[in-house]
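First comes the structure, then the notes that go with it.
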Amino acid sequence: MTDASLNPTPGLPKSPSFYGFSRGRLADRFGELGVPRYRADQVFSWVYQKRMRDALQMTNLPAALRSQLTSLCDLALPGTPKVFASSDGMTHKFVLDLQDGARVEAVSMRTEKRLTLCVSSQVGCALKCSFCATGLMGLKRNLRAEEIVAQVIAMGDYNDWQDERFNIVFMGMGEPLANLDAVCEAVRILHDERGLNLGARRITVSTSGLVPQIRELAKLDLQVGLAVSLHATTDELRDQLVPVNKRWPIAELLDAAREYGNTVGRRTTLEYTLLGGVNDSMADADRLAKFARALPSKVNLIPYNPVPGLQWKRPTPEAVEAFAQRLYPHAPAVTIRDTKGGDLWAACGQLGGLSPS
Ligand code: SF4
């Protein structure tokens, strides 16, 4: 079959979503139907770079392909998301309704320097970290690559794509490495030079500690950053806070993170949620500094964001400062994360269907 020989096929089942195809896979699909592979490059440019989602307007495609494109791959996105803005207007929470009725949440966070888009990889989460609203939901299902890409597009559309450069963090709902295939396919799509052309250095994938998948990710050579949700400095406490620790304890996790960092040549971010009176002692700070020094890393401290029904408390600002001061001289690159979106139930650990007031 050639470009010009495509024929309408009425009654075919709904075509797969365009947003789940990497350019290589789209070219394969085109190739199977006799459409030259380079047409996939053109369609990618139209959709991701010129923001054109009407196949009939893609003027450099042959008329037959234009009229057939949506039967090869569906260009529709999930419906308009519900958007909630924080009181300072810098943070927005997006709630997307997916085809099967599942809901997924994503968050855009703006600072003076940059825009960061936080995306979800699952509806709910199976890992049940004890301080996390998403964990309370349990796992509903994995997201497909197109549902991850759609979150980015929804947030970009909302901002009218004014930011040429932005960062993406897989730190929304779900454990990204428990949905590795879809996350990696989404990364390839977002990274593609004919797609959003987002540098791998602008993409960070977080994990609560799935060691085999960290090693798997390293082999894929995607060069994305890794963030490890550590949250405790002893296995005894981490077993309680992050139950997956019982399977892969801290030493194994840090070994895998070190190997990952050495393979991709990037520092691992150690995420550390500070829970008042639980993991914010000076002895914790000393152990955390030791961990941080043992691998190429930076430390990100996150004062706990309250979740209704959970007993944990946010430490006082003085306690956060004291912890950070103890770390600074001994650990490389310590930052304290601004609390973004707390008034939206959009901050770290708060995604999970909690409603903004
Ligand atoms: S912190 Fe992350 S891995 Fe843990 S339950 Fe929440 S979403 Fe899942």
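The values are calculated or read from the model by the stated rules, or taken from the named source; none is laboratory data. Computed from a prediction, not measured in an experiment: that's the story for all the values here. Glycine also receives a Cβ, built like all others from the backbone with ideal geometry; neighbour counts cover every protein chain displayed. Remember, those area values only see protein heavy atoms, side chains included, never the ligands or the DNA or RNA. Shrake-Rupley method; radii C 1.70, N 1.55, O 1.52, S 1.80 Å.
Projecting the Cα atoms of TYR272, HIS191, CYS125 onto the dipole axis of the chain, where Lys and Arg carry +1 and Asp and Glu carry -1 at the beta carbon, places HIS191 farthest toward the positive end. Once you've got the Cα coordinates, tell me which of LYS93/LYS140; LYS140/LYS298; LYS113/LYS290; LYS82/LYS140 are over 24 Å apart. Exceeds cut-off: LYS140/LYS298; LYS113/LYS290.
Assigning unit charges at the beta carbon (Lys, Arg +1; Asp, Glu -1) and nothing else, what dipole magnitude in debye, to the nearest 20, does the stretch 199-315 show about its Cα centre?
Numbers: 16 positive and 12 negative charges, 78 e Å.
Using only the charged Cβ atoms, the result is roughly 380 debye.
Per the 1.4 Å probe, what fraction of the accessible area of the stretch 82-344, in percent, lies on carbon and sulfur atoms?
49
Accessible area per residue for the stretch 82-344, computed on protein heavy atoms with a 1.4 Å probe, is 42 Å². Between ASP88, ASP284, ASP100, the Gaussian network model of the chain with springs among Cα atoms under 10 angstrom shows the greatest mean-square fluctuation at ASP100. Under 5 Å between amide hydrogens, built in the peptide plane, is the criterion, and for LYS140 it picks out VAL123, GLY124, CYS125 among residues at least 5 positions away or on other chains.
The phi-based Karplus calculation (6.51 cos²θ - 1.76 cosθ + 1.60; θ = phi - 60°) puts the 3J(HN,Hα) values of the stretch 211-225 at 4, x, 6, 4, 5, 5, 4, 4, 5, 6, 6, 8, 6, 6, x Hz, whole numbers, x for Gly and Pro.
Between the beta carbons of THR234 and ARG258, assuming R0 = 22 Å, the FRET efficiency works out to 0.70 to the nearest 0.05. Only the Cβ atoms of Lys and Arg (+1) and of Asp and Glu (-1) were treated as charged; on that basis the dipole of the stretch 82-344 about its Cα centre amounts to roughly 360 debye.
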